[in-house]
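Accompanying notes for the structure given below.
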Amino acid sequence: MRIALYQPDMPQNTAATIRLAACLELPLDVIEPCGFVWDDKRLRRVAMDYLDGANLRRHSGWATFRAAEGIAGARLVVLSTQAPARHVDVRYRPTDILLLGRESAGLPAAIHAEADVSVRIPLAPGARSFNVAMAAAMVAGEALRQTDGWPG
């Protein structure tokens with residue numbers, strides 16, 4: 001299982017997701033361009049020393065990501081506030097890629113069309129969304145529970 005961030009806008013959320021991925025021993029893919037300058041000073045504040053230990057790959061764009069080793073053929077699970085299925089109602093696989101969109105705009109329609117599965121996290125009435133790192137943690141936790149993929 002792996003987490004992928006599509007053109008993230010906020011270094012703090014990206015850093016929190018790096019830390020999450022490192023702590024759960026999940027590979028993390030960052031699909032660029034990012035909406036911020038990638039520099040250790042901005043990321044280290046939240047990622048702390050987990051940045052160095054993370055299994056992190058940066059991709060120059062969507063096509064590069066899709067062609068990368070370990071990505072082609074894997075099931076793409078898109079997290080979206082508009083998805084029909086609740087994240088707890090989907091059966092996850094150990095080889096799934098959990099894809100999260102930009103904080104400002106989500107994922108483009110063309111990428112939604114490539115998804116094998118789309119999931120949403122149920123929210124209270126009037127709530128819009130969780131931040132990207134929190135959504136990644138919730139769905140990854142459920143996926144790891146189902147697949148018995150917790151580290152250690």
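Summary table below
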quantity	calculated
Whole-number accessible area per residue in Å² for the chain, which is evaluated in the context of all protein chains at 1.4 Å	51
Förster radius 22 Å - calculated FRET efficiency between Gln82 and Ala124, Cβ distance, rounded to 0.05	0.85
Computed over the chain, Kirkwood Rh from alpha-carbon pairs, angstrom	15.4
Net lengthening on full extension, Asn131/Thr95 (0.36 nm per residue, minus Cα-Cα)	10.6 nm
Residue-span extension gain [Ala109 to Ala67] - 0.36 nm each, minus C-alpha spacing	13.2 nm
Check: segment 2-147 dipole with +1 on Lys, Arg Cβ and -1 on Asp, Glu Cβ, in debye	240
Cβ-Cβ FRET estimate between Asp9 and Arg75, R0 fixed at 35 Å, reported to 0.05	0.85
Dimensionless Rg/Rh of segment 33-80 - Kirkwood Rh, Rg from C-alpha atoms	1.03
Sequence of Asp29, Asp89 from largest to smallest accessible area, 1.4 Å probe	Asp89, Asp29
Taking the convex hull of Cα positions in segment 1-80, its mean projected area over all directions (nm²)	5.1
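The values are calculated or read from the model by the stated rules, or taken from the named source; none is laboratory data. Just so it is clear, the structure is predicted and the values come from calculations on it, not from any experiment. For neighbour counting, all protein chains shown are included, and Cβ atoms are generated from backbone atoms with ideal geometry for every residue, glycine included. For accessibility, only protein heavy atoms count, side chains too; no ligands or nucleic acids. Shrake-Rupley method; radii C 1.70, N 1.55, O 1.52, S 1.80 Å.
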